[in-house]
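First up is the structure itself, then whatever we jot down about it.
What follows is calculated from the coordinates using simple rules that are stated; it is not laboratory data. Small disclaimer: the values here were computed from a predicted structure and weren't measured. All Cβ positions, glycine included, derive from the backbone under ideal geometry; neighbour counts span all protein chains shown.
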Amino acid sequence: MPQMELAGSMYEVDEKGFLQETDKWNEDIAKAYAALEGVTELTEEHWEVIRYLRGYYLENGICPMVRRLTKATGLGLKRLYELFPEGPARSACKWAGVPKPTGCV
Amino acid sequence: MKRPLRLEDISRDGDGQLAEIEIGDLMPLPSGCGGLERGPGWKAVSREQKARLVCNLDGVVALGLPKARSEQEKAKQVELFISGLRKLLSRQDNWTFLQPLLLSLDYCAQCQTCSEACPVYLGSGRNDLYRPTYRAEIFRRLVNKHARPGGKLLAKLYRGDVELNWATITRLCELSYRCTLCRRCAQSCPMGVDNALLTRELRKLFSQELGWSPEELHEKGTVLQLEVGSPTGMKPRVVRDNIEFLDKEFADATGLEISTPWDQQGAEVLLIHGAGDILSWPENPAAFAILCRAAGIGWTLSSEAPGYDGANYGVFYDDVQLARIATRHAQIARRLGVKKIVMGECGHQHKAFMAVGDRLLAGDLNTPRESVMVFLESLVFSGKIRFDPSKNNFPVTLHDPCNIVRSLGIVEPQRRILRYLCPQFREMTPHGVDNYCCGGGGGLSVMSQTNFMDWRVNVAGRIKFKQVVEAFSDQPGPEVKKYVCAPCLNCKNQFRDMFEHYGARERLGIAVGGLAELIVNAMVGIRKPFIEWQE
C-alpha cells in the first residue's frame, strides 16, 4: 500500500492518493490535498462541501450522487469545478478523506 | 520508434519494459478534432510506483501487481500458472468454456485478419504488442508445451519455444487487460478463432489460480457486490433512498407523476438497471420510470441485494464470481415470481445473463430475459405514448454496445426507435455488428489505476472517437449540440472519460447519454426538455 505525507504525517493512500483510513482525516489533511492541486485557501463553500460529503459517507458507506451534493449545498456543477479543480469525485472526495466512488460510475 | 516484437521477447529481461508506446505512433485522429489530433497523451508511471509495482509491459499499469519478494515466490507463481493451464483443459474444471477454448487453440492459421479488425491494434498505430495473435499465440504455445502430452518435445521440434518464467506470466496477465473483449477479431476470423475468449481464459486463469485481478473488478467489483449488493457500494436502503430522491427531483422537473415500484410480487417486468446509472446518469433510470408508467406496464425494481444492480463483472475475468452473481439475480426473479426480466442499458449484463446465463440457469431459475432494446421498442410503438419528434431535432448518432449488438445480434429495435424519434439520426461507419468498441469493454471502463485511464482513452477508444467526430463532420462546431446515444452504462462512462480527455463538449459540442432519455425527450406533455445539455 502506498504511503503519502500530508500535513506532516504519513498516511496510507491508494494509487490515486485517496486516504484509506477515513477516520484519520482532519482539516489539515484537506488543506494539504488542496495545496497539492494549487488551492491555497479553503473557503466556507469548500468546507460546506467537505462536511456534507463526510457526513453522507459516514452514514451511508458511499459518496452521494452529484445531484444530492448540488441540492444540499446549493452549488452548481460549474461552481463545484471552480472550487475543486478535478471535480466532485476526484478532488472533493479526496480532500474530504472519503474513498472515490467504485463500480460503473 | 516501434521495434519489431518477437514472441520469445515476452520472457526476456524480466523487469524491463517490453514495448514502447509513443503518442506520435498512434493512429492519427481526423483534422477538426479542435487541434487535438494527437491528444494530450498520458502520464508516466512514477519512479516510486515502478519500485513497488510490476511495470514490465508497455509503461502502463492496469493491475498494479506487487513485485515478487523472492525467487521462490516467483517459481511458486509460475507453478500455479502451469496448474491453471492444465485446469483450463480439463472438462471437470472448465466445462463451461472448454469446447470453444479448444477450437480457438487448435485452428489459428496466423493470417492476421484479426489484427486488422482490432480497435486496440489499429488505434495504437499497429503496435505488434497489441495484435490479438501476439497474446493468443504465446498462450497457445504455453498450453501445448505444458498442458498437453508430449508437449515439451514437440515444442523443441516444432513451432518455436516460448520460455515460461515470471516475466512471461506477469506480462501475459497485464496484456490480458489490453483487450476489450469486443470480439471483432472473432467475427473477422475465417477459421472462427475467438481471441477474446482466449484473453478471458487467461484472465480467468490468473484470477482463479493466482488471485491476480484488477482491484476494480474483484475486491471493489464482484466481492463488494456479493457483500453489499453493488460494486458502487450501494446497500438496499441507500438505493431505495436514492431512487426516491430521483423520483421527486424528476417529478418536479417534468411535471409528471413518478413513483418507482419496489418488490412487486408477480409483476410483469422486473427491470434490472446497472446501478451506476442511478449515481452517474440518473436521467436514465428516471426515464424508464416515466416510460413504464406512461405505457401502463406492471413493472418493479428489486431492493434485495444484488437484484438492483445488473452488473456482473465476473463475465470479464472469473467464472466462479460470474456464476455466483448470475445465480443470485435469477433467485431474486424467481422469488418475486415475475413474468420476465428486462435488462437495463448495460451490455455486459446482457452477456452475463442472456448469453452465458443460458448455460448456467436451469429449470425454474430460467426466468425469461428480454433486452432493453426490444423492451423500449415495444413501449415506443405501443401507441400509448404520444411523441413529437421535432423535440429531438439535433444531430444524433448511435453507438452499438458490442455485447448487445455483435454478440447477441440485437441490431434493429434501437434503430427503429431513433429513425422514428430523431430527425437528424445518422449512422457511424462502420456500425451494427461491424461496430468498433467504445474502448471501455471487457471491464476496462471501470479501471483507472495509476495511468490506465490515459491508455484506454488514447489507445483503446481512439478509433471510436474518430468515428464519432466523423459522424458529425457536417456540423463540427460547438454551437451545434450533438448527442451520442450509447445504450450501455460502461460505454457511456468510457465516452464520458474520452470526451473529457479530448474536450469534446467544449470544442465540438458533443455529449453522450442513453436511449431512454432520448425517448422521453420527444414525449408530448413534459414541462421542459428532458435532456439537459450541460454548460
Legend entry - Rg/Rg_globular for chain B, with Rg_globular taken as 2.2 N^0.38 Å and Rg from C-alpha atoms: 0.97
Inset, instruction - Kindly express, to the nearest 10 degrees and within the range 0 to 90, the angle between helix B:71-88's C-alpha long axis and the longest C-alpha principal axis of chain B. - result: 60
Inset, instruction - Write down, largest first, the equivalent ellipsoid semi-axes of the range B:385-521 in whole Å, where each equals the square root of 5 times an eigenvalue of the alpha-carbon gyration tensor. - result: 24, 18, 13
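Over the whole of A:63-69, what's the average partner chain Cβ count within 10 Å per residue? Rounded to a whole number, please. Let's see the in-between values first.
On the way: counts 3, 4, 10, 3, 8, 7, 0.
Per residue, the number of nearby Cβ atoms from other chains is 5 on average.
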Inset, instruction - With no solvent and one equal point scatterer per Cα, compute the Debye intensity ratio I(q)/I(0) for the protein assembly as shown at 0.09, 0.12 Å⁻¹ and report its log10, rounded to two decimals. - result: -0.74, -1.37
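Kindly provide the trypsin sites (Lys or Arg not before Pro) of the range B:348-456 that DSSP labels as loop, not H, G, I, E or B, and whose Cβ sees at most 13 other Cβ atoms within 10 Å. Write down the numbers at each step before the final one.
Values: sites: B:Lys351, B:Arg359, B:Arg369, B:Lys384, B:Arg386, B:Lys391, B:Arg406, B:Arg415, B:Arg416, B:Arg419, B:Arg426, B:Arg456; in loops: B:Lys384, B:Arg386, B:Arg406.
Those satisfying the criteria are B:Lys384, B:Arg386.
From the gyration tensor of the Cα coordinates in the range B:73-117, what semi-axes in whole Å does the equivalent ellipsoid have, largest first, with each one equal to sqrt(5λ)? Working shown, then result.
Details: eigenvalues 134, 59, 11 Å².
Semi-axes (√(5λ), whole Å): 26, 17, 8.
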Legend entry - About the Cα centre, charge dipole magnitude for the range B:385-521 (Lys/Arg +1, Asp/Glu -1 at Cβ), debye: 160
Legend entry - Charge dipole magnitude, Cβ of K and R +1, D and E -1 - the range B:102-222, Cα centre, debye nearest 20: 280
Legend entry - Hydrodynamic radius by Kirkwood, which averages 1/r over all alpha carbon pairs of the range B:7-210, in angstrom: 18.0
Legend entry - Long pairs among A:Lys24/B:Lys50; B:Lys74/B:Lys152; B:Lys74/B:Lys464; A:Lys16/B:Lys87; B:Lys351/B:Lys391; A:Lys94/B:Lys492, criterion Cα-Cα beyond 29 Å: B:Lys74/B:Lys464; A:Lys16/B:Lys87; B:Lys351/B:Lys391
Inset, instruction - Give the residue from B:Asn392, B:Gly125, B:Leu518 lying farthest towards the positive end of the charge dipole for chain B; charges sit on Cβ (+1 for Lys and Arg, -1 for Asp and Glu) and the dipole is referred to the Cα centre. - result: B:Gly125
Inset, instruction - Give me the percent of Cα-Cα pairs in the range B:160-255 that sit more than 22 Å apart, rounded to a whole number. - result: 55
Inset, instruction - Report, in debye and to the nearest 20, how large the dipole of the protein assembly as shown comes out about its Cα centre when Lys and Arg carry +1 and Asp and Glu carry -1 on their Cβ. - result: 1600
Inset, instruction - Using only Cα atoms, find the angle between the long axis of helix B:236-254 and the longest principal axis of chain B, and express it within 0 to 90 degrees, rounded to the nearest 10. - result: 50
Inset, instruction - Report, in degrees rounded to the nearest 10, the 0 to 90 angle that the Cα long axis of helix B:462-471 makes with the longest principal axis of chain B. - result: 30
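Could you work out the mean count of beta carbons from other protein chains within 10 Å of each residue's beta carbon in A:91-104? Mind showing how you got there, number by number?
On the way: counts 0, 0, 0, 0, 0, 0, 0, 0, 2, 1, 7, 12, 21, 27.
Whole-number average of other-chain Cβ neighbours for A:91-104 is 5.
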Inset, instruction - As a check on your grasp of the helix formula, calculate [θ] at 222 nm for chain B: sum -39500 (n - 2.57) over DSSP H runs of n ≥ 4, divide by the residue count, round to the nearest 500. - result: -11500 deg cm²/dmol
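Evaluate Rg over Rh across the range B:224-326, taking Cα atoms for both radii and Kirkwood's formula for Rh. Show your work: numbers first, answer last.
On the way: Rg = 14.1 Å, Rh = 14.2 Å.
Answer for the range B:224-326: 0.99.
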Inset, instruction - Stick to Cα atoms and the Kirkwood definition of Rh, then tell me Rg/Rh for the range B:314-451. - result: 1.02
Legend entry - Values of log10 I(q)/I(0), in the order q = 0.13, 0.14, 0.15, 0.18 Å⁻¹, for chain A under a Debye, Cα-only, solvent-free model: -0.41, -0.48, -0.56, -0.82
Legend entry - chymotrypsin sites (Phe, Trp or Tyr not before Pro) lying in DSSP loop within the range B:311-385, provided at most 14 other Cβ fall within 10 Å: B:Phe381
Inset, instruction - Check each of the chymotrypsin sites (Phe, Trp or Tyr not before Pro) in the range B:98-169 and keep only those in coil by DSSP with at most 13 other C-beta atoms within 10 angstrom; list them in order. - result: B:Tyr107, B:Tyr158
Legend entry - Per-peptide average of other Cβ atoms within 10 Å, ordering B:275-286, B:222-233 highest first: B:275-286, B:222-233
Legend entry - Alpha-carbon spread of the range B:115-184, three principal axes, descending order, Å: 39, 23, 18
